[in-house]
Amino acid sequence: MEVTASAPAKVILFGEHFVVYGEPAIVLAIDKRAYVSADIRKDKQIHINSVNLGISGVFKGESFYEEFGGQKARRTLEPLKIAIQKVLERSKKNVGVSVEIRSTIPVAAGLGSSAAVAAAVATAVGRLLDLELPPEEIFHISYEAERFVHGTPSGIDPTVSTYGGVLLYRKDKGFTQMKVKGEIPLVIGDTRVKRSTGDLVATVHKRSNQYPSIIKPLLKIGGKIALKAVEVLETGDLYALGQLMNINHGLLCAVGVSDASLERLVHAARRADALGAKLTGAGGGGCMIALTKPNKLVHVVDAIERAGGKAFEARMTDEGVRIED
Ligand code: PMV
């Protein structure tokens, strides 16, 4: 009776932060996934267990009843409870649910782990309760869960976890699936420095208020880079793509969201002949990405590791959230 669903992580290729101000961003789903198994409970409780994080919680009605993992368990599991409750409401079934999460996505590193888990939770619980939730509903439910985590997120993460592929995303206009010629060989470098997306969004906001005539044009240029990258992705010109990534990283430094740990990995990748390297996501730690020729992937992984990061290759995937057989 148990149902398992999975959803992909993401990397933002272009346009993080600028997207918050209405500029376009390019984001791609990658082959790291969160897996969620769900089963029915007769006692109407919601049990959530994250195997990777070593935390678990039991909810009875609106309130936390029992937890393992203290405040962290509360903060992490509450949004998932919200997602589960929304699906339960739609099903009108008077039951409880147990979910177990196993994820291969680094947490709080800018790879959209929380949205991937939320999308997989909504999908697994939906199928468990015999609902055929359309992708828009899955997106909507995981967006609500994200709102609990991040306040006013742009919606990038739940979109890409739901639909997969490479997306051009605008906050007010939604997304379009993009055509990409060839592969985008990427290495992801995790600084292992934890950070808060909300704080970094606030940093940019503050700098923009302090120097509006300087920062606002930078945000616009960020949008122009993303649009140029759309053309470049259609032709598959990896050299041009790498250059645009380097320019984009410079802008992110200018708006105040890079840090020493990211700079170390970005420069190590460039020294190892990456075609381009930039931070990805909110910055302030978290992850960076390096675009490389396919035959240099191992070399760049090695260079990032030697610079103190945890590095792995990533491939784009067209598969969004899915039920596992
Ligand atoms: O690091 P992440 O995955 O939380 O990405 C944040 C991306 C921002 O543009 C900085 C914020 C957002 O909501 O889009």
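The values are calculated or read from the model by the stated rules, or taken from the named source; none is laboratory data. Computed from a predicted structure; not experimentally measured. In this analysis, Cβ positions are derived from the backbone assuming ideal geometry, glycine residues included, and neighbour counts consider all displayed protein chains. SASA here: full protein model, heavy atoms, side chains in, ligands and nucleic acids out. Shrake-Rupley method; radii C 1.70, N 1.55, O 1.52, S 1.80 Å.
General observations
- Region 281-325: number of residues that are at pLDDT below 95, small (Gly, Ala, Ser) and loosely packed, with under 15 Cβ neighbours inside 10 Å: 0
- Residue within region 313-322 that is in contact with a Phe, Trp or Tyr (Cβ under 7 Å, 6 or more places away or on another chain) and not aromatic (Phe, Trp, Tyr) present: yes
- Of everything listed in (1) open to solvent by 10 Å² or more (accessible area, probe 1.4 Å); (2) within 16 Å of the ligand (Cβ to nearest atom), the single unmet condition for Asn248 is (1).
- Look at region 37-63: where a residue is under 9 Å from Gly96 (Cα atoms) and touching a residue at least 40 places away in the same chain (Cβ under 8 Å) and a partner is part of a loop (DSSP other than H, G, I, E, B) and open to solvent by 30 Å² or more (accessible area, probe 1.4 Å), sitting 6+ places away or on another chain with Cβ atoms under 7 Å, you get Asp39/Met1; Asp39/Glu2; Ile40/Met1; Ile40/Val95; Arg41/Val95; Lys42/Val95; Lys44/Asn94; Lys44/Val95.
- Residue match in region 259-268 (condition: within 16 Å of the ligand (Cβ to nearest atom), at pLDDT 95 or above and outside any helix (DSSP H, G or I)): yes
- Matching strands (runs of 3 or more DSSP E) fully within region 31-142 where at least 3 residues are over 30 Å from Phe312 (Cβ atoms): 55-60, 63-68, 96-103
- Which numbered condition Ala145 fails, given (1) over 13 Å from the mean Cα position of the chain (by Cα); (2) open to solvent by 10 Å² or more (accessible area, probe 1.4 Å); (3) among the small types (Gly, Ala, Ser): (2)
Residue-by-condition table, conditions (1) more than 23 Å from the chain's Cα centre (by Cα); (2) within 26 Å of Ala108 (Cα to Cα):
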site	(1), (2)
Leu168	no, yes
Gly174	no, yes
Pro185	no, yes
Ile188	no, yes
Thr191	no, yes
Lys194	no, yes
Val204	no, yes
Gln210	yes, no
Lys228	no, no
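- Tyr21 falls short on exactly one of the conditions (1) within 13 Å of the ligand (Cβ to nearest atom); (2) crowded, with 24+ Cβ neighbours inside 10 Å, and that condition is (2).
- Complete set of residues in region 194-222 that are open to solvent by 40 Å² or more (accessible area, probe 1.4 Å), more than 11 Å from the ligand (Cβ to nearest atom) and of a type in the set (Gly, Ala, Ser): Ser213
- Looking only at residues of region 106-128 that are within 16 Å of the ligand (Cβ to nearest atom) and open to solvent by 10 Å² or more (accessible area, probe 1.4 Å), we find that the one that is modelled with the lowest pLDDT is Ala108.
- The listed residues are Ile289, Ile225, and the only one of them that is out of contact with any helix residue (DSSP H, G or I) (no Cβ under 7 Å at 6 or more places or on another chain) and within 16 Å of the ligand (Cβ to nearest atom) turns out to be Ile289.
- When we screen Ala269, Ala226 for residues that are within 19 Å of Lys179 (Cβ to Cβ) and touching a residue at least 40 places away in the same chain (Cβ under 8 Å), the only hit is Ala226.
- Some residue of region 276-290 being over 25 Å from Pro158 (Cβ atoms) and not small (Gly, Ala, Ser): no
- Every test in (1) part of a strand (DSSP E or B); (2) within 16 Å of the ligand (Cβ to nearest atom); (3) open to solvent by less than 10 Å² (accessible area, probe 1.4 Å) is passed by Glu16 save one, and that test is (1).
- Here Ile184 does not fit the description of being assigned to a helix (DSSP H, G or I) and more than 15 Å from the ligand (Cβ to nearest atom).
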